[in-house]
Amino acid sequence: MKPKTIDFPKIQDPRGNLTFLQYPNQVPFTIKRTFWTYDVPGGEIRGGHAYFRQEEIIIALSGSFDVVITNEDGTLEKYSLNRSYYGIYLPAKTWRHMENFSTNALALHVSSESFFKEDYIRDFNVFKKVCHEQEE
């Protein structure tokens, strides 16, 4: 599977809109963990890793930021998130980082796995090796 944007239901109401996500309609995995990043100082970058097993959806609940995918060959794909009714799905073994945070940006991360530090791939060369082994 490849990274892709997911549109969530948007229920419009004059009193305020509502958006939701649930498994299996919008989320292609059972949700085991959620976390959020916020108060990111200007110019900072978050992420810079991949996961062996974890799948993830990232949503900009407030403000905006970019999710940058680095492919095994070094090419980049950028997804700009700035609305709370869509997000980006990141399958396992996707190298990513987040940058260009606006003031008061709030990123929600919905994950398929509980936290397990050994699931992180923090070295890009290891990531490339893992991807190459997967192709064989």
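The values are calculated or read from the model by the stated rules, or taken from the named source; none is laboratory data. From a predicted model like this one, the values you see are computed outputs, not experimental measurements. Because the Cβ atoms are built from the backbone with ideal geometry, glycine has one as well, and the counts that use them run over all protein chains shown. SASA here: full protein model, heavy atoms, side chains in, ligands and nucleic acids out. Shrake-Rupley method; radii C 1.70, N 1.55, O 1.52, S 1.80 Å.
A simple count of charges around GLU55, restricted to other residues whose Cβ falls under 14 Å of its Cβ and scoring Lys, Arg +1 and Asp, Glu -1, yields +4. Rg/Rh for the chain (Cα atoms only, Rh after Kirkwood) is 0.98. Can you give me the relative contact order of the chain as a percent, contacts being Cα pairs under 8 Å and 6 or more apart? Across the chain, relative contact order equals 34 percent. Where Rh denotes the Kirkwood radius from the mean inverse Cα pair distance, what is Rg over Rh for the stretch 1-68? Dividing the radius of gyration by the Kirkwood radius yields 0.98.
Tell me the relative contact order for the stretch 48-119 as a rounded percent, counting alpha carbon contacts under 8 Å between residues six or more apart. After rounding, I find 47 percent. Taking every protein chain into account, the accessible area of the chain amounts to 60 square angstrom per residue (probe 1.4 Å).
Comparing LYS117, LYS32, LYS78 in a Gaussian network model of the chain (Cα springs below 10 Å), the most mobile by mean-square fluctuation is LYS117.
SER64 contributes an accessible area of around 40 Å² to the protein surface, as traced by a 1.4 Å probe with all chains present. Nonpolar atom fraction for the chain, defined as the carbon and sulfur part of the 1.4 Å probe accessible area, stands at 48 percent.
For the chain, the longest principal axis of the Cα atoms and the long axis of helix 124-135 meet at an angle of about 80 degrees.
With a 1.4 Å probe and all protein chains kept in place, how do MET98, MET1 rank by accessible area, largest first?
Working: MET98 10, MET1 155 Å².
Largest accessible area first, the residues go MET1, MET98.
Calculation over all alpha carbon pairs of the stretch 1-40 in 5 angstrom steps from 0 returns a P(r) of 5, 15, 18, 23, 21, 14, 4, 1 percent.
For the chain, lysine pairs separated by 8 or more sequence positions, or belonging to different chains, with Cα-Cα distances below 16 Å total 9.
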